[in-house]
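Comments concern the structure below.
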């Protein structure tokens with residue numbers, strides 16, 4: 001597990017998590033994930049193509065689309081299902097993490113968000129139409145995936 005623990009991986013992963021959790025914080029605070037966060041993750045992903053061994057270019061490219069396109073299609077069919085910032089964030093995170101990791105991250109995020117939604121319904125007397133920030137759940141889902149895969153790309 002620690003064979004991937006290089007200074008380069010630590011710096012990249014730490015920077016990625018800073019961007020990610022700052023985006024989650026802003027989503028809670030303002031209900032918006034700033035484009036600068038998404039751009040920063042994309043820039044880090046392009047640097048990762050040069051300086052990190054995994055994931056490869058094809059895996060990163062697939063990662064851009066595997067979650068964000070279904071999110072976009074769902075939002076087109078059900079307006080308000082996901083915010084534009086959430087969709088862009090998952091595209092950027094897919095570029096950084098690769099297709100498999102971002103897919104599992106999104107699954108974990110949906111489970112956590114679903115549990116929170118049930119909590120709101122049962123204990124806070126909210127309706128099914130109640131909106132909440134998804135960014136923190138996306139960030140937690142990604143963190144869980146990073147921990148499961150040995151934390152560093």
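Coordinate-derived values only; no laboratory data. All values derive from a computational prediction rather than experimental measurement. When we count neighbours, we look across all protein chains shown, and the Cβ atoms used for this are built from the backbone with ideal geometry, even at glycine.
What to note about this one:
- When the chain is treated as a Gaussian network with alpha carbon springs shorter than 10 Å, the biggest mean-square fluctuation among 61, 130, 14 belongs to 130.
- Contact order, relative form, for the range 3-54: 40 percent (alpha carbon pairs under 8 Å, 6 or more residues apart, mean separation divided by residue count).
- Full-stretch length increase - residue 5, residue 36 - with 0.36 nm per residue and alpha-carbon distance subtracted: 8.4 nm
- Relative contact order (percent, whole number), the chain, Cα cutoff 8 Å, 6+ residue spacing: 30 percent
- GNM result for the chain, Cα springs below 10 Å: residue of 34, 79, 55 fluctuating most strongly: 79
- The Cα atoms of the range 5-153 define a convex hull whose projected area, averaged across directions, is 8.5 nm².
- Residue 110-residue 51 FRET efficiency (beta carbon distance; Förster radius 25 Å; 0.05 resolution): 0.20
- Projecting label points 7 angstrom from Cα along Cα→Cβ for residue 25 and residue 120 puts them 2.3 nm apart.
- C-alpha long axis of helix 68-77 to longest principal axis of the chain, angle in °: 20 degrees
- GNM top mover of 128, 31, 60 - the chain, alpha-carbon springs below 10 Å: 128
- Hydrodynamic radius of the range 40-123 by the Kirkwood approach over all distinct alpha-carbon pairs: 13.5 Å.
- Full-stretch length increase - residue 58, residue 76 - with 0.36 nm per residue and alpha-carbon distance subtracted: 3.8 nm
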